[in-house]
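The next block holds one structure in the form of structure tokens; read it before the comments.
The values are calculated or read from the model by the stated rules, or taken from the named source; none is laboratory data. Keep in mind the model is a prediction, meaning the values are calculated, not measured. Using ideal geometry, Cβ is built from the backbone for each residue, glycine included, and neighbour counts are taken over all protein chains shown.
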Amino acid sequence: MDITQSAGTVTGRVEASGHGVITDDRLNSEERADEFLLMGLRLAEGIDPRRYAALSGRALDPRRIAILREEGAIVVDPSGRLRVTQAGFPVLDAVVADLAA
């Protein structure tokens, strides 16, 4: 068996089971909301804080948003969407952690 057919490779898993998924874990609401922040803030369109609240069951802290805005890490557009700035991108994990806290 060559390396492409080994069960330890993505190709091997796809050939053996039809997909490359190793685990299929269910996320709780807090984990889903954290993933939404992490993935959504990487996108140019950012996130809708109402969607975060619907996923997590709580709103983002307006004081934390204000601090991150003052630091230049995020902007809030007229529709209320949060976006990470160029200055905030290198510290995106910290921005997400601060918003999720």
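Of note:
- Test: Arg64 is closer than 30 Å to Gly12 by Cα and either in a strand (DSSP E or B) or not small (Gly, Ala, Ser) (or both): no
- Some residue of segment 59-82 being basic (Lys, Arg) and exposed (fewer than 12 other Cβ atoms within 10 Å of the Cβ): yes
- Tabulated pairs, segment 27-47, first hydroxyl-bearing (Ser, Thr, Tyr), second surrounded by fewer than 12 Cβ atoms within 10 Å (Cβ to Cβ), C-beta under 8 angstrom, 6+ apart or interchain: Ser29/Gly57
- Considering residues of segment 2-31 that are modelled with pLDDT of 65 or more and among the small types (Gly, Ala, Ser) only, the residue nearest to Ala100 (Cα to Cα): Ser29
- Of all residues in segment 50-76 being in contact with a Lys or Arg (Cβ under 8 Å, 6 or more places away or on another chain) and at pLDDT 95 or above, the one that is nearest to Asp93 (Cα to Cα): Ile74
- Any hit, segment 75-83, residues being in contact with a helix residue (DSSP H, G or I) (Cβ under 6 Å, 6 or more places away or on another chain) and among the hydroxyl-bearing types (Ser, Thr, Tyr): no
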